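Have a look at the structure below, then the notes.
The values are calculated or read from the model by the stated rules, or taken from the named source; none is laboratory data. Being a predicted model, the structure only gives us computed values, none of them experimental. When we count neighbours, we look across all protein chains shown, and the Cβ atoms used for this are built from the backbone with ideal geometry, even at glycine. Accessible surface is based on the protein model in full, side chains and every heavy atom, while ligands, DNA and RNA are left aside. Shrake-Rupley method; radii C 1.70, N 1.55, O 1.52, S 1.80 Å.
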Amino acid sequence: MSKKDKSVSVDLNETQVNGQTVTEVLIGKKVIGQVTQVGERYEAEMVSDSKPFVHTKSFDESLQEVISAYHLHKG
């Protein structure tokens, strides 16, 4: 028997940190990670790790990596 897919609300909140725009990724009211543009690339960072864990060419790829890592390690 398969489980029914559940929709999850993901919100993005842009903030300024040390003069740099950082996009926080929230699920519900909990901040799970952030995406930062560095030059022409983007860095994805989990809140629990505070170090970038992946560098990508697009914002969407970094966002997907944050969400995937959260769902992989949340259990």
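Annotation note: Cβ proximity below 8 Å between a residue of the stretch 52-70 that is closer than 14 Å to G39 by Cα and a residue that is in a helix (DSSP H, G or I) and of a type in the set (S, T, N, Q) (sequence gap 6+ or interchain) occurs for T56/S62. Just one of the listed residues (E65, E14, E61, E45) is touching a Lys or Arg at 6+ places or on another chain (Cβ under 8 Å) and either open to solvent by 50 Å² or more (accessible area, probe 1.4 Å) or of a type in the set (D, E) (or both), and it is E45.
You will find that of V8, V35, the residue that is open to solvent by less than 70 Å² (accessible area, probe 1.4 Å), out of contact with any Pro (no Cβ under 8 Å at 6 or more places or on another chain) and among the aliphatic types (A, V, I, L, M) is V35 and no other.
May I ask you to list the residues in the stretch 10-51 that are among the hydroxyl-bearing types (S, T, Y) and in contact with a strand residue (DSSP E or B) (Cβ under 8 Å, 6 or more places away or on another chain)? Step through it out loud before you land on a result.
Residues of the stretch 10-51 that are among the hydroxyl-bearing types (S, T, Y), as a first pass: 15, 21, 23, 36, 42, 48, 50.
Matches in the stretch 10-51: T15, T21, T23, T36, Y42.
Residues that are closer than 18 Å to S9 by Cβ and in a helix (DSSP H, G or I) within the stretch 20-68 comprise D60, L63, Q64, V66, I67, S68, listed in sequence order.
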